[in-house]
Amino acid sequence: MFAELNELLNASPDRPAQGTLTLLRDTRTDGSFLVHHFLSFYLRAGCKVCFVALVQSFSHYNIIAQKLGVSLTTAKDRGQLVFLEGLKSCLDLLFGEEQHVGQTSPLQFISKEGSNLKTMYEFVRTSLMPSDSDSWKCPVLLVDDLSVLLSLGVKAVDILDFIHYCRVTVCSQLKLKIIQKGPSALRTERNLPRIYQYKIQDKNVTFFARGMSAAVL
């Protein structure tokens, strides 16, 4: 967990943000450290996390999480983390044994025509469904990353539908209000974009105001 990044985001594990959608987009740089940050952040905050990992294996995420002071294995064992290992699921679906009767793979769309993500949504919905024994603060969904679905033949409109239904599922548990934002001309200072440069280290990341990094001076 990166303390400096938490300061920039005005976030703390003691008061995790609820009812928000964060979209990470990186161009000509590697922003994957943000995925690892949010994963460790929300687990440390005591949230119930469903992680749809389409890029790397469980062991990859677990090794990095351990550097940030969080064990994904422990989180899975105690029911706090539900982890969908997309790479393994794809191989099992295409080349492994047939699914048992009554079991449907969350990535079932790969072996069928079309790009319906209903089975993956059902996996998310049931994973985040609260039970009487749960004591987690709030539900959190992480997907790494959505662009992989385009490579697998999923239509953009189906991905947007998937995001929409996931937001409805999470927000229905939180009972959030609907807030309509005004036109762009009425944006507050809080909503204005902030641009930073950063340097990734082994167990940390350092941020600089744009143009202030020694590497570009």
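The values are calculated or read from the model by the stated rules, or taken from the named source; none is laboratory data. The model shown is predicted, which means the values in this text are computed figures rather than measured ones. Ideal geometry is used to build each Cβ from the backbone, glycine not excepted, and the neighbour counts take in all protein chains shown.
I'd like to know if the stretch 19-32 contains one or more residues that are assigned to a loop (DSSP other than H, G, I, E, B), within 26 Å of residue 130 (Cβ to Cβ), in contact with a Pro (Cβ under 9 Å, 6 or more places away or on another chain) and modelled with pLDDT of 80 or more. I'd like the intermediate steps shown before the answer.
In the first step, residues of the stretch 19-32 are kept if they are assigned to a loop (DSSP other than H, G, I, E, B); the result is 19-31.
From what is left, the residues that are within 26 Å of residue 130 (Cβ to Cβ) are 19-23.
Filter once more, keeping what is in contact with a Pro (Cβ under 9 Å, 6 or more places away or on another chain): none.
Checked the stretch 19-32: no residue is assigned to a loop (DSSP other than H, G, I, E, B), within 26 Å of residue 130 (Cβ to Cβ), in contact with a Pro (Cβ under 9 Å, 6 or more places away or on another chain) and modelled with pLDDT of 80 or more.
Given the conditions (1) at pLDDT 90 or above; (2) more than 20 Å from residue 138 (Cα to Cα); (3) of a type in the set (S, T, N, Q), report the number of the one that residue 127 does not fulfil.
Status for residue 127: all satisfied but (2).
Give the residue, chosen from 175, 155, 137, that is at pLDDT below 85, surrounded by 10 or more Cβ atoms within 10 Å (Cβ to Cβ) and of a type in the set (D, E, K, R). Please lay out each step first, then the result.
On the way: 175 fails: surrounded by 10 or more Cβ atoms within 10 Å (Cβ to Cβ); 155 fails: at pLDDT below 85.
Every option except 137 fails the conditions.
Go through the stretch 54-74 residue by residue and tally those that are in contact (Cβ under 8 Å) with a residue 12 or more places away in the chain and in a helix (DSSP H, G or I).
Looking only at the stretch 54-74, we keep the residues that are in contact (Cβ under 8 Å) with a residue 12 or more places away in the chain, and these are 54-58, 61, 64-65, 67-70, 72.
Next, only the ones that are in a helix (DSSP H, G or I) stay: 58, 61, 64-65, 67, 72.
Qualifying residue count, the stretch 54-74: 6.
Scan the stretch 23-36 and give yes if some residue there is within 19 Å of residue 176 (Cβ to Cβ) and touching a residue at least 12 places away in the same chain (Cβ under 8 Å), otherwise no. Steps first, please.
Of the residues in the stretch 23-36, the ones within 19 Å of residue 176 (Cβ to Cβ) are 23.
Next cut, touching a residue at least 12 places away in the same chain (Cβ under 8 Å) only: none.
No, every residue in the stretch 23-36 fails to be within 19 Å of residue 176 (Cβ to Cβ) and touching a residue at least 12 places away in the same chain (Cβ under 8 Å).
Determine if the stretch 42-53 includes at least one residue that is surrounded by 12 or more Cβ atoms within 10 Å (Cβ to Cβ), in a helix (DSSP H, G or I), touching a residue at least 60 places away in the same chain (Cβ under 8 Å) and in contact with a His (Cβ under 7 Å, 6 or more places away or on another chain).
Within the stretch 42-53, not a single residue is surrounded by 12 or more Cβ atoms within 10 Å (Cβ to Cβ), in a helix (DSSP H, G or I), touching a residue at least 60 places away in the same chain (Cβ under 8 Å) and in contact with a His (Cβ under 7 Å, 6 or more places away or on another chain).
Could you list, in sequence order, all residues of the stretch 113-159 that are assigned to a loop (DSSP other than H, G, I, E, B) and of a type in the set (Val, Ile, Thr)? Steps first, answer last, please.
In the first step, residues of the stretch 113-159 are kept if they are assigned to a loop (DSSP other than H, G, I, E, B); the result is 113-117, 129-138, 145-146, 152-155.
154 - this is the single residue of the stretch 113-159 that is assigned to a loop (DSSP other than H, G, I, E, B) and of a type in the set (Val, Ile, Thr).
Give 54, 146 a once-over and let me know the one that is in contact with a Gly (Cβ under 8 Å, 6 or more places away or on another chain), closer than 20 Å to residue 21 by Cβ and among the aliphatic types (A, V, I, L, M).
Details: 146 fails: in contact with a Gly (Cβ under 8 Å, 6 or more places away or on another chain).
Exactly one of 54, 146 is in contact with a Gly (Cβ under 8 Å, 6 or more places away or on another chain), closer than 20 Å to residue 21 by Cβ and among the aliphatic types (A, V, I, L, M), namely 54.
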